[in-house]
1. Could you grab me the full set of residues in the range 106-140 that are under 17 Å from the mean Cα position of the chain (by Cα), surrounded by 15 or more Cβ atoms within 10 Å (Cβ to Cβ) and either of a type in the set (G, A, S) or not in a strand (DSSP E or B) (or both)?
2. Collect the residues in the range 93-105 that are surrounded by 12 or more Cβ atoms within 10 Å (Cβ to Cβ) and more than 19 Å from the chain's Cα centre (by Cα), keeping them in residue-number order.
3. Using the structure shown, decide if S85 is surrounded by fewer than 13 Cβ atoms within 10 Å (Cβ to Cβ), among the small types (G, A, S) and either in contact (Cβ under 8 Å) with a residue 24 or more places away in the chain or in contact with a Pro (Cβ under 7 Å, 6 or more places away or on another chain) (or both).
4. Is it the case that some residue within the range 56-67 is out of contact with any helix residue (DSSP H, G or I) (no Cβ under 8 Å at 6 or more places or on another chain) and modelled with pLDDT of 85 or more?
Amino acid sequence: MHHASAGKKAKQNTRSLPEEDPEFQIAPMIDILLVLLVFFMSISSTEVLQTNEAVRLPVAKDGKKIPEDKDGMVTVNVLWNPLNSVGSIEVDGRTYYVAQELAPVIQQAIQRTPNARIFVRADKEVRYDYLRSILKVAGTGGITNITFSVVNRENE
């Protein structure tokens, strides 16, 4: 009999105790939320209006706010160097020097969104002929909505 009671005790020792309710751990949840926050911030930064701080916008007292709907909007930064009278065009971080180089960019925008539009941020020193060449390429590519960016003197 002694042997049978030893078996019972061994069986009781191997049985695990009933589990308690799991505790809610906040630290791992915060870690995951921070990782998700960084991920979405890095993804959404490409959707933010791409501006170039070197562009000095012209002043207009009757300017309107930037459209909220940025779907299909291509931001074109036009810089001008008055020392050598040379312009450059910046779109999505790439620099172009001749307006005709924008044709593939415009075609891609039209393919993605049929009612694509251009948001021009031209330096106040840009010569009209240079800006006109950009507008011609946009019109030839099928862009019908072009918006110019300006600043209000009060906000400078």
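The values are calculated or read from the model by the stated rules, or taken from the named source; none is laboratory data. Small disclaimer: the values here were computed from a predicted structure and weren't measured. Using ideal geometry, Cβ is built from the backbone for each residue, glycine included, and neighbour counts are taken over all protein chains shown.
1. Across the range 106-140, the qualifying residues are A109, A116.
2. Y96, V98, A99, Q100, E101, L102, A103
3. Taking the combined requirement at face value, the residue satisfies it.
4. no
For every residue, the table says whether it meets (1) more than 22 Å from K61 (Cα to Cα); (2) modelled with pLDDT under 85; (3) among the hydroxyl-bearing types (S, T, Y).
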position: N84; (1), (2), (3): yes, yes, no
position: Y96; (1), (2), (3): yes, no, yes
position: I118; (1), (2), (3): no, yes, no
position: V126; (1), (2), (3): no, yes, no
position: I134; (1), (2), (3): yes, no, no
position: T144; (1), (2), (3): yes, yes, yes
position: T147; (1), (2), (3): no, yes, yes
position: N152; (1), (2), (3): no, yes, no
position: N155; (1), (2), (3): no, yes, no
